[in-house]
Amino acid sequence: MNMLKPHLLIVATMAIVLLSCNKTTKSVQGKLLIQDEKEYFLQDSIVVQTADGAEVALLIVRNKQVKTPAPTILHHTIYTRDNDYERALKAASHGYVGVVSYTRGKAWSSSEIVPYEFEGGDINTVIEWITQQHWSNGEVGMQGGSYTGFTQWAATKKLHPALKTIIPAASSSPGIGEPSENGVYMSFLYSWFPYVTNNKKLDTENYNDHGRWNKLKLEYYQNGIAYNKLDSIDGAPNPFFKKQLQHPTYDKYWQSMMPYKEDFKNIDIPVLTTTGYYDGGQIGALHYLKEHYKYFENPEHYLVIGPFGHLGSQYIPEKTISNYSIDSVAQISITDLSFQWFDYIFKSKPKPDLLKDKINFQVMGANKWRHVQELSKMSSDTLRFYLNNTLSNVPFRSKYGTGNNGNPFHYALSKNRPLQTGYIEQSVDFKDRTLSGENNYYNPIIVNDSLPLSNGFSFITKPFDNDMEFNGSYSGSLKLMINKKDMDCSIVLYEQTPEGKYFKLTQQFIGRASMAKNREKRQLLSPNKLEEFPFNNVRVTSKKMNKGSRLVLVLNVNKHPHEQVNYGTGKDVSKETIKDANEPLIVKWFNNSYVDIPVYKE
């Protein structure tokens, strides 16, 4: 199955049969590879059987020059590609045994493909098998990102004694970061399931049919069809998507897949987490870190975070992300850092230079890294701003939507709480499916000439008198009154530079009002009653803000094709249709709503 690049040469093949105590394997074809004048053994087509009879496929690359048992670096993934041996080869080139194993049913496994649900137990079976091999010294480390970041955490739910460290990057977190985020289901995962389950490898052609997926989202939105009928619109079954829709709260289905609360007490191994300010997986990556710090006293858990996207958090960050050129000190190699970490753990080498403390973050615009002991130490002060219902004297420029109820100025984001209670009223007609009627937060651009407002509201501070750093995760509370039982909203935070540019500080917050206080239990709002909508599960960022800069907060109700439409009836949102729209949603955003901004001042 392996397509070898020109710098790798197959010089011999030989039949190898591997035995394991009470696990079964199949006959394997071994290949001798040469890279940089060094020889490596590649063994693929290995199958390990789990306790419930499923098959897990794996491949191995060993360095021929390593004559004694060595630690193993394991990469467990659902993404089956022809060049996967290169991951194992990278580990072998550093003096380790490299192993790539796959989700049950993938590669040459004959089992049914099942994402997420069995990864923890299956990985422990693979680790146990590894420890029984003659080339293993009984120590295993894991690495990888996105789904493969999740599989590492899944393996720690019942920690195998041979697993000595993990390096999860941009980690997926089922039930926390996807398919929903703060209760709001996102549609990007719909096309992902057939991508990874349609065949033993990846259904890339189908996945890249963007016309199909965009048409599906638009048809769902424009016709107001129930979200759980997406597969009927698409004309193809999507059983895993539908199964996950049956669990809109963070219930036992999700909790069984990865460490939950007290499980983190037992994770006593060193961890290196990497993620980015513009990484969609940051919510998951930091969920694991926060829970680890909460339940395990002073864990050896390090974080590296900077202006990276999803792939940059796993490999080598892009020098330009969107239209922002990252600082030179941020141009690191996550791959190199990972093997420096493995050498630190397994070979008693020095700790990587970048890891000067537990939390290591790059300050955008300052061309420097900072290092602190915990997330809360990133900032030295908190600035509270209120979402005032009075207009500022600062005009805004917007390409998308009118916003601010047609007013040409931002509302004020003020330090002082208004003396008199007031509110801004917003009306959202869920029957209106025109493009101009969308309420969409999404903006992929970091440095903007105008503000993407899309029928929402913008609030602006006065200019800052001094330089300061925005370091950490903002949070706050929306005080509101609605005429329905639920709603979804979004918040995006920008720095307006002295030059008038709008710099997006991190990915947006999205959340569901009924899930804001407890992700495990939906709590509907009482119509026409003052309610609180706290928001705190927000991405971390760090940016130097120069004197004269302002903060701009954009607030909106969600209504667009790319996520569930929450009509506010209080029923299962996935079953709601445009027939549930009835009268428009009326939101009163009260002026004692606030946002807390973490800052660092010299």
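Let me make sure I get this right: for the stretch 196-346, a, b and c are the square roots of the gyration tensor eigenvalues over alpha carbons, sorted descending. Under 1.5 in a/c it's rounded, otherwise prolate if a/b > b/c, else oblate. Which is it?
Oblate is the answer for the stretch 196-346, as a/c is 1.5 or above yet b/c matches or exceeds a/b.
In Å², and per residue, what accessible area does the stretch 252-332 have when probed at 1.4 Å with the other protein chains present?
Value for the stretch 252-332: 37 Å² per residue.
Measuring with a 1.4 Å probe in the full set of protein chains, what accessible area per residue, in whole Å², belongs to the stretch 419-573?
About 36 Å² of surface per residue is accessible.
Counting Lys and Arg as +1 and Asp and Glu as -1, each charge on the Cβ, what is the dipole of the chain about the Cα centre in debye, to the nearest 20?
Dipole about the Cα centre, nearest 20: 560 debye.
Based solely on its DSSP helices, what 222 nm [θ] is calculated for the chain when runs of n ≥ 4 H residues each add -39,500 (n - 2.57) and the sum is averaged over all residues, nearest 500 deg cm²/dmol?
-5000 deg cm²/dmol
Could the peptides 31-40, 381-390 be put in order, highest first, of the mean number of other beta-carbon atoms found within 10 Å of their residues?
Listed from highest to lowest mean packing, they are 381-390, 31-40.
Which whole-number percent gives the relative contact order of the stretch 405-542, counting Cα pairs below 8 Å spaced six or more residues apart?
27 percent
Run the 1.4 Å probe and let me know the accessible area of residue 213, rounded to the nearest 10 Å².
20 Å²
Could you tell me what percent of the accessible area of the stretch 376-433 is made up of carbon and sulfur, with a 1.4 Å probe and every protein chain present?
Looking at the stretch 376-433 in its full context, I get 45 percent from C and S.
Along the charge dipole of the stretch 433-566, Cβ charges K/R +1 and D/E -1, which of 471, 507, 439 sits furthest on the positive end?
Looking along the dipole axis, the top candidate is 439.
For the stretch 315-466, state what percent of all Cα-Cα pairs lands in each successive 10 Å bin, counting from 0 Å until the bin that includes the largest distance.
9, 23, 26, 21, 14, 6, 1
Report, in debye and to the nearest 20, how large the dipole of the stretch 333-472 comes out about its Cα centre when Lys and Arg carry +1 and Asp and Glu carry -1 on their Cβ.
Taking the Cα centre of the stretch 333-472 as origin, the dipole is about 280 debye.
Given Cα pairs under 8 Å that are at least 6 residues apart, what percent is the relative contact order of the chain?
Once normalised by length, the contact order is 12 percent.
Considering only protein heavy atoms and a 1.4 Å probe, what is the carbon-and-sulfur percentage of the accessible area of the stretch 447-602?
Carbon plus sulfur share of accessible area: 44 percent.
May I ask which residue of 411, 362, 385 lies farthest towards the positive end of the charge dipole of the stretch 340-411, with charges of +1 (Lys, Arg) and -1 (Asp, Glu) on Cβ and the Cα centre as origin?
362
Counting Lys and Arg as +1 and Asp and Glu as -1, what is the net charge of the other residues whose Cβ lies under 9 Å from the Cβ of residue 54?
-3
Using a probe radius of 1.4 Å on heavy atoms only, what accessible surface per residue do you get for the stretch 343-388? Whole Å² is fine.
Solvent-accessible surface per residue comes out at 49 Å².
Can you pull the three principal axis extents for the Cα set of the chain, in Å, largest first?
79, 56, 45
Enumerate the whole-percent occupancy of each 10 Å bin, from 0 to the last occupied one, for all C-alpha pair distances of the stretch 529-590.
P(r) for the stretch 529-590, in whole percents per bin: 13, 35, 30, 15, 7, 0.
Is there a quick way to get the dipole size of the stretch 358-416? I mean about its Cα centre, with the Cβ of Lys and Arg at +1 and of Asp and Glu at -1; what is the value in debye to the nearest 20?
160 debye
Considering every Cα-Cα pair within the stretch 235-288, what fraction, in whole percent, is farther apart than 17 Å?
Taking all Cα-Cα pairs of the stretch 235-288, the fraction more than 17 Å apart is 58 percent.
Cβ under 15 Å from residue 240's Cβ, residue 240 left aside: what net charge do those residues give with Lys, Arg +1 and Asp, Glu -1?
Result for the local shell: -3.
What do you get when you divide the Cα radius of gyration of the stretch 214-303 by 2.2 N^0.38 Å, with N the number of residues?
Relative to the rule-of-thumb radius for its length, the stretch 214-303 sits at 1.52.
I'd like the accessible area for residue 111: 1.4 Å probe, protein heavy atoms, all chains in place, Å² to the nearest 10.
Taking all protein chains as shown, residue 111 has close to 20 Å².
Out of 420, 197, 207, whose Cα points farthest toward the positive end of the dipole of the chain (charges: +1 Lys, Arg; -1 Asp, Glu; placed on Cβ)?
Checking the options against the dipole of the chain, the answer is 420.
What figure in square angstrom, to the nearest 10, would you give for the accessible area of residue 204 with a 1.4 Å probe?
Rounded to the nearest 10, the figure is 60 Å².
Sorted by accessible area (1.4 Å probe), largest first, how do 247, 94 line up?
94, 247
How big is the stretch 156-263 in terms of Cα radius of gyration and Dmax, in angstroms?
16.4, 54
Projected area of the stretch 356-414, taken from the Cα convex hull and averaged over every viewing direction, in nm²?
Approximately 6.5 nm², given one-decimal rounding.
With all protein chains present and a 1.4 Å probe, how do 374, 119, 499 order by accessible area, largest first?
The ranking, largest first, comes out as 499, 374, 119.
The values are calculated or read from the model by the stated rules, or taken from the named source; none is laboratory data. Note that the structure is predicted; figures quoted are calculated from it, not measured. Because the Cβ atoms are built from the backbone with ideal geometry, glycine has one as well, and the counts that use them run over all protein chains shown. Surface areas here come from the heavy atoms of the whole protein model, side chains and all, with no ligands, DNA or RNA. Shrake-Rupley method; radii C 1.70, N 1.55, O 1.52, S 1.80 Å.
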